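Working notes, structure below.
The values are calculated or read from the model by the stated rules, or taken from the named source; none is laboratory data. A quick note: this is a predicted structure, and the numbers were derived from the prediction, not measured. No Cβ is skipped: glycine too gets one built from the backbone with ideal geometry, and neighbour counts run over all protein chains shown.
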Amino acid sequence: MNTNAAREARRAPEPEKTRRSGARTVGAWREHHLWSMSISLRRLGARPLGTLLTVAVMGVALALPLTFYLLLDNVQRMGDALGQNQSISAFMKPGLNAGMAETAASALRGRPEVGQIAIRTPKDGLDELAEVQGFSGALQSLDANPLPYVLSVTPKTGLSADDIGRLVESMKATPGVDMVQETGAWRQRLDALVGVGGRAVGLLALLLGVAALLVVGNTIRVDIQSRSAEIGVLLLIGASRPFVRRPYLYAGIWLGFLAGVLAVALAAVLELAMAGPVGRLAAAYDGSVSFGALPAWLLLSVPFASALLGWLGARLVSARQIRRAAAV
């Protein structure tokens, strides 16, 4: 029994030693990460011109997709604002009376796409023409009013192009309707253009993101080549490749993050530059057009996404360059 107790006593301190060793390892890992963050930032500050040029190129490249996104979003807003209350005119057949026009209007009021319906009498149409310059004399020579009843249908807000198309087809099939004039057909073309623009912005963001990655990669490659002798010494005395590579990874993160902050600042300046012209446009349309700024979640995510691009570019280049340095 005494022998077993002695064995247990000798074994008992081992987990405590393991925990202390693990704690020291984690502490050393944390300290090296903090050192890598600080030394990479100091190295970037030691060459301010090169760092400024790299950040400026990346910032402008990342600001372009934000600018196009801002323009595209405001074009969509303008289309929605100007087209949401566009009415569809249904011209009744000549000779129909007010009762037949009301019957056709009642049939259309039951459709879910219809918001409001106004019946314009032939006299209303004649009065509108009389207000147009040059028509008053010609109208006085008419023996009878040739204009038909017109149903002015205002669709509900938020309808898609397919919903509007179904409404137009139902109006054409309504008894007594001779012709349907859709004043909002341009919205379908606008939606198609906005869809093409959205795809183009996505592809542009992808290409410029790759360009930013390559810029960071080239900067880190030059930095590693200038320190090849130092890296060789570190590897000879037993430093691991992740240990050597870590400061360069943080350099890529710093470059990407600063470029993302610059891109957000440039986008904010462009928003301010566009606010004045859009305000005058909104005043011309009685305030129905509003200027939409970039969403906050997008502006907050750009620096971190850019930092991730910088890390990826630095990792791809540093792994190859340090491997070559180790082989020399």
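For segment 215-242, a residue qualifies if it is surrounded by 16 or more Cβ atoms within 10 Å (Cβ to Cβ) and within 28 Å of A259 (Cα to Cα), and the qualifying residues are V215, V216, G217, T219, I220, R221, D223, I224, R227, I231, R241. If you go through segment 172-194 and pick out every residue that is at pLDDT below 75 and over 31 Å from the mean Cα position of the chain (by Cα), you end up with 1.
Among the residues of segment 102-121, write down those that are in a helix (DSSP H, G or I) and free of Cβ contacts under 8 Å to residues at least 40 places away in the same chain. Selection gives E102, S106, R109.
In segment 114-146, of all residues being under 21 Å from A101 (Cβ atoms) and of a type in the set (G, A, S), the one that is modelled with the lowest pLDDT corresponds to A144. Within segment 293-315, the set of residues being exposed (fewer than 14 other Cβ atoms within 10 Å of the Cβ) and in contact (Cβ under 8 Å) with a residue 12 or more places away in the chain comprises just one member, F304.
Among the residues of segment 256-278, are any outside any helix (DSSP H, G or I), among the β-branched types (V, I, T) and farther than 19 Å from G45 by Cα? No, that holds for no residue. Scanning segment 147-155 turns up at least one residue that is modelled with pLDDT under 80 and not polar (S, T, N, Q).
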